[in-house]
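Read-outs: derived from the displayed coordinates by stated rules, not from any lab. All figures in this text were calculated on a predicted structure; none of them were measured in a lab. Cβ: placed from backbone, ideal geometry, glycine included. Neighbour counts: every protein chain shown.
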């Protein structure tokens with residue numbers, strides 16, 4: 001791919017998530033046509049991940065949490081493909097496009113915002129039977145599987161099959177895993193009114209986490225509150241427990257429990273995109289010490305990449321794949337991987353690239369955490385809000401409303417905000433959808449059946 005931008009600086013952005021989308025948008029606002037911008041991502045849209053638990057619970061339509069890159073980033077080239085090689089020495093990036101064509105793209109400024117992928121462990125049966133919860137198709141598949149299982153369980157006469165169909169296992173009790181299981185249980189509780197052959201006692205939700213608590217970002221009192229809430233709703237929460245095996249759908253945990261489960265959702269942590277730490281694929285400096293930062297690109301406070309011999313003035317990074325110093329929290333602290341930091345880092349990053357283009361000094365990233373919030377089902381939530389030096393504990397309906405309001409505000413584009421709100425309003429009138437469509441994974445099945453039954457024997 002030959003770069004011909006008429007002498008304009010070319011900004012190449014790797015990743016079309018919150019950081020990539022925001023950086024490209026802010027750069028275009030600041031510099032207009034003074035720069036050429038290219039965004040590379042395997043998907044032609046950004047997924048607003050904080051809404052995935054509600055997608056998995058049928059409260060939000062899947063398409064409403066997707067921001068189409070080409071529609072939003074007018075005047076920006078969008079390349080749908082996967083990054084396979086990064087060379088800061090040559091200022092080039094190799095991308096494998098959808099048709100397997102290899103594209104070599106040069107840049108004047110590089111933004112590394114490739115995010116994170118699930119961190120898998122060598123657990124027997126995990127890779128073969130589990131599903132993640134970071135992408136829209138995963139959240140949709142979880143919803144469809146749960147709802148389809150309710151319908152199947154209501155008609156089967158096999159008690160063993162029914163028990164397996166109605167057992168749903170979630171691994172990981174952080175915000176992603178905790179919200180996912182809470183929202184899913186709330187959806188099932190709502191759907192049971194339409195299944196007279198099923199009872200709440202038939203349903204088994206299991207949440208497994210190796211830590212002594214869930215929702216680690218909350219205060220100790222709030223963690224106890226959330227744990228009590230989940231257990232009151234019948235969710236089995238296994239703390240200081242690990243998944244030992246998941247072969248053939250049989251779940252074995254470190255506390256000696258063994259049971260069959262038709263759904264296994266993996267939310268036990270993430271790691272930076274593996275290309276970044278592969279020395280054969282990238283020459284970017286990454287953290288090599290074991291710990292939560294391992295594999296992340298080393299960043300300075302101004303979001304430039306910190307190379308072995310000093311800052312790389314033309315390479316910036318932010319988001320889940322970057323070890324960004326958290327100046328507001330003190331020396332030696334790093335920004336946690338959440339959407340709040342990602343969007344704000346992206347704005348600072350875009351401004352610093354503009355400053356570099358214009359020959360002005362760069363500014364360090366500084367942001368004091370506004371707090372954390374989570375939804376736990378319809379009208380249920382928890383939030384820890386920072387106001388100055390005070391932290392305010394909010395629970396129940398007010399926390400749920402705050403979380404929804406904040407995420408609508410943060411959701412890109414006015415159209416998507418309106419769609420989400422309209423969907424919520426519809427649910428208030430007609431209740432959320434309880435139709436599972438597992439056939440979406442095999443859309444040609446009905447056509448193939450018709451074709452095969454029409455053949456002469």
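For the stretch 97-217, rounded, prolate or oblate, judged on the Cα gyration tensor with a ≥ b ≥ c (square roots of eigenvalues), a/c < 1.5 rounded, else prolate if a/b > b/c? Prolate shape, in that a/c is at least 1.5 and a/b is the bigger ratio.
Note on the stretch 7-136: Kirkwood hydrodynamic radius from all Cα pairs is 16.2 Å, rounded to one decimal. When 407, 61 are sorted by how many other C-beta atoms sit within 10 angstrom of their C-beta, beginning with the fewest, the order is 61, 407. Once both axes come from the Cα atoms, what is the angle between helix 175-191 and the longest principal axis of the chain, in degrees from 0 to 90, rounded to 10? Tilt of helix 175-191: around 40 degrees.
Hey, could you get me the Stokes-Einstein D for the chain, Kirkwood radius over alpha-carbon pairs, 4 °C and 1.567 mPa s, rounded to whole µm² s⁻¹? Translational diffusion coefficient: 55 µm²/s. Adding -39500 (n - 2.57) for every DSSP H run of four residues or longer, then dividing by how many residues the chain holds, sets the calculated 222 nm ellipticity at -9500 deg cm²/dmol. With neighbours defined as other Cβ atoms within 10 Å of a residue's Cβ, the residues 187, 402, 114 order from fewest to most as 402, 187, 114. Normalising the average separation of contacting C-alpha pairs (under 8 angstrom, six or more residues apart) by the number of residues puts the relative contact order of the chain at 18 percent. Binning the C-alpha pair distances of the stretch 282-335 at 10 Å intervals from 0 yields a P(r) profile of 27, 58, 15, 0 %, listed from the shortest bin outward. Only Cα pairs under 8 Å and 6+ residues apart enter the sum, and on that basis the relative contact order of the stretch 332-433 stands at 14 percent. Available extension along the chain between residue 450 and residue 204 is 84.8 nm, counting 0.36 nm per residue and deducting the alpha carbon span.
Computed from Cα atoms, the angle from the helix 339-358 axis to the main principal axis of the chain rounds to 20 degrees. Arranged from fewest to most other beta-carbon atoms within 10 Å of their beta carbon, 133, 5 become 5, 133. I need the shape label for the stretch 185-245. Rule: rounded when a/c is under 1.5, else prolate if a/b > b/c, else oblate, with a, b, c from the alpha carbon gyration tensor. Oblate. The Cα center of the stretch 268-286 and the Cα center of the stretch 89-112 differ in position by 16 Å.
Axis angle, to the nearest 10 degrees, between helix 414-430 and the longest C-alpha principal axis of the chain: 10 degrees.
Beyond 17 Å, how much of the Cα-Cα pair distribution for the stretch 336-457 remains, as a whole percent?
Summing the P(r) of the stretch 336-457 above 17 Å gives 75 percent of all pairs.
Shape class of the stretch 1-83 from the Cα gyration tensor (axes a ≥ b ≥ c, square roots of the eigenvalues): prolate, since a/c reaches 1.5 or more and a/b is larger than b/c. A convex hull fitted to the Cα coordinates of the stretch 185-331 yields 194 cubic angstrom per residue.
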